[in-house]
Each structure stands twice: as structure tokens, then as C-alpha cells.
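To keep things clear, I will list the structure first and then write my remarks on it.
The values are calculated or read from the model by the stated rules, or taken from the named source; none is laboratory data. These figures come from a predicted structure and were not determined experimentally. Cβ placement follows ideal geometry from the backbone for every residue including glycine, while neighbour counts extend to all protein chains displayed.
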């Protein structure tokens, strides 16, 4: 049994205005976004140790810079960021742990109803002036998987969006 890289990518994302959420919503988001990656990582540490493997957590820039009306999601992603750093400390030197924090990769679900003006307003927040792609995220994951002297780091893949916030 061999495992070189674990990528924790599963996540749920939907609005959770503070005054409207209940405990079931809290548990749904936290169980999927925080608890599942933690216990999956825990269950695979012995296997990853055999190959000096790594864990890469897909986080989100909103773990650091909250998105309005998505409080629980923001909290969950901040939790994954801290989990990344905590596991990096605890599992070193046998296992490396890093994170990738995507920015604007997909248009919102209501893309069809967005005007060109609204899309341009979103793009103007990004220093590189364009949306990223799944390939941008995959390339960063691959970079971290192959970088044997990096652990505990979180790379924002956001086209420079966080420079403007």
C-alpha cells in the first residue's frame, strides 16, 4: 500500500447569513469542510509516513478574508488553514502539510444573469485582471507535492486579488 500525496479538496459552499442559520447547517459545513479532512488525514498518516508523503489542503482566500453572508464557510476555511499549520508541525519531519487557497476560479452560480459590467467589476479586483482556472490550482498542488523542502505554507492562487483587499 503506497500513498505519496493526499489532497483534501471536498467542500460545501452556500450562503449562511448569521441570523438564518441553525445547528444542522453548522454541522453540515463543519463536518464536510473541517472534520472530514482532519480524520482522513489522521487515518492515512501511517501510509504517508512510509513514502515521506504530503498532505495538501484546498482552503480558500475567504478563510482569511471573509465573504459576507458566508460566516460558517469562512470559519471552516480558517479552520482548515490552522489545521494545515498544526499538522505540518505535528507530522514533520516524516510528512509535509501545505495548503492552496484559491481565489476567483469559477463565476458565481448565477453567471448567466451577470452583466459584462458586473463581471468586469469582479475582474477589476484581481491584479492580473482575469479569472484563474482549475489548471492553476492543479499546477500549484503539483508544485507543492514535488517541493520536498516546503511544509506549513499556504499559497494564495488568486491572481493577486488579496493584494487589493
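Counting residues in region 151-159 that are modelled with pLDDT of 95 or more and on the phi > 0 side of the Ramachandran plot gives one or more.
Sub-6 Å Cβ pairs linking a first residue in region 116-136 that is free of Cβ contacts under 8 Å to residues at least 60 places away in the same chain to a second residue that is assigned to a helix (DSSP H, G or I) and surrounded by 14 or more Cβ atoms within 10 Å (Cβ to Cβ), at least 6 apart or interchain, are 125/161; 126/161; 129/123, ordered by first then second residue. In a residue-by-residue description of region 138-152, the property of being over 24 Å from residue 3 (Cβ atoms), more than 15 Å from the chain's Cα centre (by Cα) and part of a loop (DSSP other than H, G, I, E, B) applies to no position.
Based on what the data block shows, is residue 56 within 19 Å of residue 140 (Cα to Cα), surrounded by 14 or more Cβ atoms within 10 Å (Cβ to Cβ), modelled with pLDDT of 95 or more and in contact with a helix residue (DSSP H, G or I) (Cβ under 7 Å, 6 or more places away or on another chain)? Let's see the steps before the verdict.
Numbers: within 19 Å of residue 140 (Cα to Cα): yes; surrounded by 14 or more Cβ atoms within 10 Å (Cβ to Cβ): yes; modelled with pLDDT of 95 or more: yes; in contact with a helix residue (DSSP H, G or I) (Cβ under 7 Å, 6 or more places away or on another chain): yes.
Taking the combined requirement at face value, the residue satisfies it.
Picking from 68, 89, 125, which residue would you name as being loosely packed, with under 13 Cβ neighbours inside 10 Å, modelled with pLDDT under 95 and either in contact with a strand residue (DSSP E or B) (Cβ under 9 Å, 6 or more places away or on another chain) or more than 22 Å from residue 31 (Cβ to Cβ) (or both)?
68
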